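Since every read-out is calculated from the coordinates, none of them should be taken as a lab result. All values reported here derive from a predicted model rather than from experimental measurement. Cβ coordinates were reconstructed from backbone atoms using ideal geometry, including for glycine residues, and neighbour counts include every protein chain displayed.
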Ligand code: NAP
């Protein structure tokens, strides 16, 4: 290993990643003489990047789109969550062995615990979207003890496949049931919903808005959006206007980074207002 511990985030594209700001803030806070950098790796470069890791330039790193699934096929030691979700976002060494796991579900859970601690053990959740992020959110909501989870997606077959896949890996003692549905059923499904989570890219800067009516939700429902740029998406603004409790997506991004930092640099960093502020400032600069 090099004298200065280094970690990476790989993706394609990667220049807009907030992870370097976050990890370098934590390195500074803990006076660690280390470095965390974004590395642009295209899909055809992934195998050689991973092969090079054993030469010792890095302590480990994060893996983002489009490599989260591909790294599962590369013979590294995958943790339990990554194996269930079939995607990994964190890589580290144990001796000479490379390990990977997925911390997105953990990040979502911790963020919900921070901002809506009553969210666990409720009856019904609706997840909008069935893409890469939805799998982790679904897994987090299963672990949180919900009895019924409805997955609503534009492409309904993907919602069906996601329900089937997760139903096949949950503990048989777990009594959660899974229902795929289309947006035409959303109003009806909202009537007794305790938690609504947007995991689609809709509402993100540069993307179309999610045009849904939140009127059918009960007044006690929580609305969470994992999109974090903008921080207050139109969905969250609508929910707040109705007096519903809301949870934005930035805390998930920060919490999912904690286990990796601890593995690479040996200290568990704190999720603080200072870390949030730095990322909010960075998003404003990137959008300018
Ligand atoms: P993805 O795999 O590409 O999935 C995108 C999802 O959005 C799919 O369900 C897709 O539906 C849906 N969608 C896209 N355009 C749509 C439209 N016009 N109408 C209806 N549905 C539409 O993306 P992902 O990796 O899951 O990421 C989704 C979002 O989550 C991104 O904004 C990402 O930044 C955010 N995210 C946040 C965190 C965090 O830490 N806060 C972590 C991961 C991801 P179809 O299946 O029908 O195409």
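Just a few scattered comments:
- Among 241, 54, 124, residue whose mean-square fluctuation peaks in a GNM of the chain (springs only between Cα atoms under 10 Å): 241
- Region 139-265, relative contact order [Cα under 8 Å, separation at least 6], %: 18
- Efficiency of FRET from Cβ geometry, residue 170 and residue 48, R₀ 45 Å, rounded to 0.05: 0.75
- Residue of 123, 198, 89 that the Gaussian network model of the chain assigns the largest fluctuation, springs spanning Cα pairs under 10 Å: 123
- Segments 19-28, 128-137, 64-73 sorted - mean Cβ within 10 Å per residue, highest first: 128-137, 19-28, 64-73
- Per-peptide packing, taken as the mean over residues of other Cβ atoms within 10 Å, places 4-10, 202-208 in the sequence 4-10, 202-208 from highest down.
- Ordering of 30-36, 140-146, 46-52 by packing is 140-146, 30-36, 46-52, highest average first (other Cβ atoms within 10 Å, averaged per residue).
- Counting every alpha-carbon pair across region 199-288, the share separated by more than 14 Å comes to 69%.
- Counted over region 7-96, the DSSP beta bridges are approximately 25% antiparallel.
- Only helical runs count toward this figure. For the chain, summing -39,500 (n - 2.57) over DSSP H runs of n ≥ 4 and dividing by all residues gives -11000 deg cm²/dmol at 222 nm.
- Stretch gain in nm, segment residue 33-residue 187, where the contour uses 0.36 nm per residue and the Cα spacing is subtracted: 50.2 nm
- Ratio of the Cα radius of gyration of the chain to 2.2 N^0.38 Å, where N counts its residues: 1.00
- Percent antiparallel among DSSP beta bridges (both partners in the chain, rounded to 5): 20
- Annotation: the antiparallel percentage among DSSP beta bridges lying fully within region 82-233 is about 20.
- Taking all Cα pairs closer than 8 Å and separated by 6 or more residues, the relative contact order of the chain comes to 17 percent.
- Within the listed set 44, 248, 273, the Gaussian network model of the chain (springs between alpha-carbon atoms below 10 Å) gives the highest mean-square fluctuation for 44.
- Cα centroid separation, region 28-50 to region 238-268 (Å): 21
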